[in-house]
Amino acid sequence: MSDMYSKQYSFTNIAELMLSNPPMGRPEQHPLYVDALTGESITLFRFRQLVGLLHAGLRRFGLKQGDSICFYSPNNIYMGPFYAGVMSAGMAISPANTAYVLEEFEHQLQISEAKMLIAHPNNLKTALKAAANVGLPRSNIFSIIPDPQNRVPLWSDVLIDYSEPPLPPVKMTHEESVNTVAYLCFSSGTTGKSKGVMTSHYNCIAMVMETNSYSGIFNDPSVQKIVLAVIPLFHFSGIHRVFNMGIPQGNTHILMEKYTVPQMCEAIQRFKVTDFPTAPPIIIHLVNNPIVDKYDLSSLRALTVGSAPIATDIMVRFQKKYKHTVLFNSYGMTEASPVITYNKPEWAIPGSIGRMIPAMRSKLVDLDGNEVTEVNKPGELWVQGPNIMLGYKGNKEATAGAITKDNWLLTGDVVTKDENGNLYIVDRIKELIKYKGFQVAPVELESVLLQCSYVADAGVVGIYDDVQGTEIPLAYVVLRQEYQSQADTVCLKIQAWVDERVANHKRLRGGVRAIDAIPKNPSGKILRRKMKEIYKYQEQQASSGAKRISKL
């Protein structure tokens, strides 16, 4: 067993930690989850009851420890008890991005080897087709809320039986806790198709307990946080804040199924929201959107922003507008369960992702593999700690490419460190595009483009959109010879063709542009930096009145 997993905690099952509610002492009727639209709530008593009954129901159904269950739904108040119930039984929960199209969802079902699927009615059409394609029986598919078309039963009608005794969380040894998968979230890692990140019970427990060691999240029971869950709860940043840490912390969580600015502001005002995790586009809306000024947002005390870089000037403008709200920048990865750095008011600097959490070790490594020790000199961030994933399920090659033999996780992000230990992201070695916190792999989009009959070759890069405050994918294509005379029209057709075949967050919002040749090195690797230089040159030409190759 690796040294980074050697420290032992008083819990070995993350559900055990959730159910213990240490040491906040909330009353049984304390609302843990509230639906932002309907006001329906799940109390601490109801949460604990459902977790134990679901554990028993999954056993009765025939599932066993080590099985995985896929969850394909937007935010819902029953996600908390369902996730915890699955992990209480020693099974893995595998949440899926609700924007996944058929092929993407099939990929997750196959890799996760899901034995059961819970879906929202809005996702059931895709869910049923994907399940049939991979051989998952229809009898093992349930809806998280009643399906108006009655295509599958409601999960609780089959899996919850109040006449049988609830089961407590499965007891594990330390070694079992280290090696038993709790979450199987999907991440593109540094390149390529999405991969199943094996996050163990130990990873999750270490993340919560170590957070408490430096932030004191369990120190003051009188602190009553009301947390808005607007970011999707298939994303590990939401999972950590709203489930792993939020439940034992005794917070009340206001869940939004779908994000809109008015609904977010209405929820903050109605429920007196104090805290919530955000992404850069949400902060930009809070700063720039005039709608927010119609609402009373004075209850807000602390917001964290992660998932993607945020411009320093946006953070400064936010603090000027919301003087009583602290905005923290943080950094993490699904592969790190998910937090790597954190900020505190006494040292937070706009533009910095903060300092390493105390439980982790880090080093910066240059392109030649040498450790960088000088202040303010860039290097790729490598990290170690008890929160680092076990690896990618069924993909030893990808795991070996992400974690070194001596257990360093390669983040793919180039950072600098100042004399006080504050870190700043300056570049990315990895080629991922971060669209509003969602990972978009250029290689995946290129493979789709190359299936289009108009396209001879293709390359994809991320460009920054100031209006949305996020990266967006832009495609350069070499058109087949017979279409080169119609470049503008054909590029628009290619964009529409791709957008029909990928999830919403992967759409080519940067447009499609024709080019004579995709820049590549002698071995055939696409030179994305060169493509970005071409893009910058084109934009300079456009701003000086020159004709653009194609429209954004």
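The values are calculated or read from the model by the stated rules, or taken from the named source; none is laboratory data. These numbers were taken from a predicted model, which means no experiment stands behind them. Heads up, the Cβs are rebuilt from the backbone with ideal geometry, glycines too, and the neighbour counts pull from every protein chain shown.
Side notes on the structure shown:
- Meets criteria (part of a strand (DSSP E or B), among the aliphatic types (A, V, I, L, M), in contact with a Leu (Cβ under 6 Å, 6 or more places away or on another chain) and more than 22 Å from Val101 (Cα to Cα)) for Val383: yes
- Qualifying residue in the range 416-433 (condition: modelled with pLDDT of 90 or more, in a strand (DSSP E or B) and touching a Cys at 6+ places or on another chain (Cβ under 8 Å)): no
- Any hit, the range 392-408, residues being among the polar types (S, T, N, Q), in contact (Cβ under 8 Å) with a residue 60 or more places away in the chain and closer than 27 Å to Tyr537 by Cα: no
- Scanning the range 242-291 for residues that are among the β-branched types (Val, Ile, Thr) and either farther than 19 Å from Asp220 by Cα or part of a helix (DSSP H, G or I) (or both) turns up Val242, Ile247, Ile254, Thr260, Val261, Ile268, Thr278, Ile282, Ile283, Ile284, Val287, Ile291.
- Selected residue (criterion: farthest from the chain's Cα centre (by Cα)) from residues of the range 207-225 that are of a type in the set (Ser, Thr, Tyr) and surrounded by fewer than 19 Cβ atoms within 10 Å (Cβ to Cβ): Ser222
- For Lys320, the conditions (1) modelled with pLDDT of 90 or more; (2) buried (at least 20 other Cβ atoms within 10 Å of the Cβ) are fulfilled apart from (2).
- Contact annotation: no residue pair with Cβ atoms under 6 Å, 6 or more positions apart or on different chains, pairs a residue in the range 283-307 that is under 21 Å from Asn329 (Cα atoms) and of a type in the set (Phe, Trp, Tyr) with a partner that is at pLDDT below 95 and surrounded by fewer than 20 Cβ atoms within 10 Å (Cβ to Cβ).
- Selection of the range 28-64 for residues being free of Cβ contacts under 8 Å to residues at least 24 places away in the same chain and among the β-branched types (Val, Ile, Thr) yields Thr38, Thr43.
- Qualifying residue in the range 44-64 (condition: β-branched (Val, Ile, Thr), assigned by TED's automatic domain parsing to the domain that holds Ser139 and under 18 Å from Lys225 (Cα atoms)): no
- Restricting the range 1-53 to residues that are in a helix (DSSP H, G or I) and in contact with a Leu (Cβ under 6 Å, 6 or more places away or on another chain), the residue that is nearest to Glu257 (Cα to Cα): Phe47
- Set Pro31, Pro81: member being within 20 Å of Asp161 (Cβ to Cβ), in the same structural domain as Glu175 (by TED's automatic domain parsing) and modelled with pLDDT of 95 or more: Pro81
- Wholly within the range 443-537, strands (runs of 3 or more DSSP E) carrying at least 2 residues that are within 23 Å of Pro281 (Cβ to Cβ): 455-465, 470-479
Here's the yes/no breakdown for (1) surrounded by 18 or more Cβ atoms within 10 Å (Cβ to Cβ); (2) assigned by TED's automatic domain parsing to the domain that holds Lys272; (3) at pLDDT 90 or above:
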| residue | (1), (2), (3) |
| --- | --- |
| Leu303 | yes, yes, yes |
| Gly306 | yes, yes, no |
| Glu335 | yes, yes, yes |
| Trp347 | no, yes, no |
| Gly354 | yes, yes, yes |
| Asn370 | no, yes, yes |
| Glu374 | no, yes, yes |
